[in-house]
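Reviewing the structure listed below.
The values are calculated or read from the model by the stated rules, or taken from the named source; none is laboratory data. Since we're looking at a predicted model, the values are computed, not measured. All Cβ positions, glycine included, derive from the backbone under ideal geometry; neighbour counts span all protein chains shown. Just so you know, the surface numbers come from the protein's heavy atoms only, side chains and all, with ligands and any DNA or RNA stripped out. Shrake-Rupley method; radii C 1.70, N 1.55, O 1.52, S 1.80 Å.
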Amino acid sequence: MTLRTVEDVDAIMARTHELPSGASVAVVGGGFVGLEVAENLSHRGFHVSLVEAAPQVMAPLDTEIAALVHRALRDGGVDLYLGEALAEIRQSKIKLVSGSEVPADMVILAIGVRPDSRLAAGAGLALSERGGILVDEHMRTSDPHIYAVGDAVEKRDALSGQGVLVALANTANLQGRLVADVIAGRPVAQRPVRGTSIMGLFGVTAASVGWNERRLKQEGRDYRAIHTHPSDHAGYYPGASGMSLKLLVDSATDEILGAQGVGESGVDKRIDIIATAMAGGLRASDLAELELAYSPQFGSAKDPVNMLGYINRNIRDGLVQTVQFHELQDELDAGALLVDVRTPGEFTHSPIPGAVNIELDALRERLGELEIDRPIIVHCQVGLRGYLAARILNQHGYQVRNLDGGWKTWNSAQQ
């Protein structure tokens, strides 16, 4: 079965009523639709398997952030088959390219969409290489008397200025209003897109805006990445829950290139703030000075968005240098020393292989244990104590960098 229309939903629901409780359903595709289908079928008592040809679900997220979504899926009872492509649908099971077989009394394909631009093509209108309908800034097609709006229209990427296909409801609705204004003679033009998106899954929110790190690497952009793991509101106020945020910044211009977040609460607010800052042309360091509504049950006196701005300023101004989780092993292989500045209890419970433990509070007294000429990487749980340790060591002449996002980011990536 496939899911695109309301009629498709009706057909799937009718089929589920014919299946016994606990029957197996295979969902092929780890995008927004596939994930939402998997969650809802799991809630209805089916044994759900999710098959995704890519190594992760939710392509807009980077691997260490997507890992948090994988955890939510597994905790929700969904079996994940990542990096696995569908080869064959058989009776009561599917076969994957790897040869693995997955039980399936029902199979739902949610493997992405292409622009349905057949009407435009039949009318002789210009299409992009990807099949999107080409329009100008006023939504006129290659025939000036014909307008086009919505998912099948090619948009302009806000970072590159190039054409891009983005199938999001808010952009489609804005274009509908825009065409009405154009026809009425108002001086308006369509805005570029940043692909701001969000979804909920087993009590977890995942959201993103702009480019991810994978695309920045592909395009050869010079950037820096910042990971944080704040609470959604003040920790001393009841009900606080954690989130993981990632900010991507142009190293030369301080332009915000993208952001991602996963958590139980408050992720939508932070990604929306960053998306607004991007639209307004604010730089990453400007985030530190945003005046955001504060009360303990809603946020912190220094909101997680403010903290991203402060951390970015520290890096920009040379107060600290950082190492990313995916760079760590190469640095250790090259001779760097990894110092865990958490408490001995934390270190014993969850060490990074190869690390030595010198608690932050004892660091000044134990400086003699560290070689002055050997590069040092410090880390803590989420990054703050590591930053303080890096400042201490830097002021005593050591070559030191802080592991960005601390143990928590590193551990998420390992998963």
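Note on N357 and A301: the model spin-label points, each 7 Å out from Cα along the C-beta direction, lie 3.2 nm apart.
Could you work out [θ]222 nm for the chain from helices alone, using -39500 (n - 2.57) per DSSP H run of at least four and dividing by all its residues? Round to the nearest 500 deg cm²/dmol.
Counting only the DSSP helices, I get -9000 deg cm²/dmol.
Classify region 61-158: rounded, prolate or oblate, from the alpha-carbon gyration tensor (a ≥ b ≥ c, eigenvalue square roots; a/c under 1.5 rounded; otherwise prolate if a/b is larger than b/c)? Cα axes put region 61-158 in the prolate bin. Backbone phi angles across region 402-407, fed through the Karplus curve with coefficients 6.51, -1.76 and 1.60 (θ = phi - 60°), yield HN-Hα couplings of 9, 6, 4, x, x, 4 Hz in residue order; Gly and Pro are listed as x. Which percent of the accessible area of region 287-406 is formed by carbon and sulfur heavy atoms (probe 1.4 angstrom)? C and S atoms contribute 50 percent here. Counted residue by residue at 0.36 nm each, then reduced by the alpha carbon distance between them, the extension gain from D10 to S100 reaches 29.3 nm. Look at where the Cα atoms of region 139-161 and of region 241-291 average out, and the two centres are 28 Å apart.
Near A240: Cβ cut-off under 15 Å, other residues only, Lys/Arg at +1 and Asp/Glu at -1. The net charge is 0.
Shown here for region 95-184: trypsin sites (Lys or Arg not before Pro) in loop regions (DSSP other than H, G, I, E, B) with at most 14 other Cβ atoms within 10 Å, namely R130.
Placing unit charges on the Cβ atoms only, positive for Lys and Arg and negative for Asp and Glu, gives region 29-151 a dipole magnitude near 320 debye about its Cα centre.
Taking every protein chain into account, the accessible area of the chain amounts to 48 square angstrom per residue (probe 1.4 Å). Placing R0 at 45 angstrom, the Cβ-Cβ distance between D116 and R90 gives a FRET efficiency of 0.90 after rounding to 0.05. Applying the criteria of a DSSP loop state and at most 11 other Cβ atoms within 10 Å to the GluC sites (Glu not before Pro) of region 108-164 yields E129.
About its Cα centre, the dipole of the chain is roughly 420 debye, where the only charges are +1 on Lys and Arg Cβ and -1 on Asp and Glu Cβ.
Considering only G263, G397, G405, give the residue with the highest GNM mean-square fluctuation for the chain, with springs between Cα atoms whenever their separation is below 10 Å. Highest fluctuation of the listed residues: G397. Here each label is just a point 7 Å from Cα along the line to Cβ, and for R130 and E369 those points are 5.3 nm apart. For the chain, the longest principal axis of the Cα atoms and the long axis of helix 32-43 meet at an angle of about 90 degrees. Taking the DSSP bridge list for the chain and keeping only pairs wholly inside it, about 60 percent are antiparallel.
Residues whose amide H falls under 5 Å from that of V323, counting only those 5 or more places apart or on a different chain, are N402, L403, D404, with hydrogens built in the peptide plane. Highest mobility in the GNM of the chain, judged by mean-square fluctuation with C-alpha springs under 10 Å and restricted to A148, A284, A362, is found for A362.
Applying 1/(1 + (r/R0)^6) with R0 = 30 Å to the Cβ-Cβ distance of A293 and Q162 gives a FRET efficiency near 0.25. Compared with the dominant principal axis of the Cα atoms in the chain, helix 304-316 is inclined by about 60°. Using a Gaussian network model of the chain in which every pair of alpha carbons under 10 angstrom is joined by a spring, one finds that among G345, G131, G31 the greatest mean-square fluctuation is at G345. Looking at region 173-275, which chymotrypsin sites (Phe, Trp or Tyr not before Pro) are DSSP coil and have at most 12 other C-beta atoms within 10 Å of their C-beta? Those that pass, being in a loop and sparsely packed, are Y236. Taking the longest Cα principal axis of the chain as reference, the axis of helix 384-395 is set at about 50 degrees.
Computing FRET efficiency as 1/(1 + (r/R0)^6) for R71 and A234, where r is the C-beta to C-beta distance and R0 is 30 Å, gives about 0.75.
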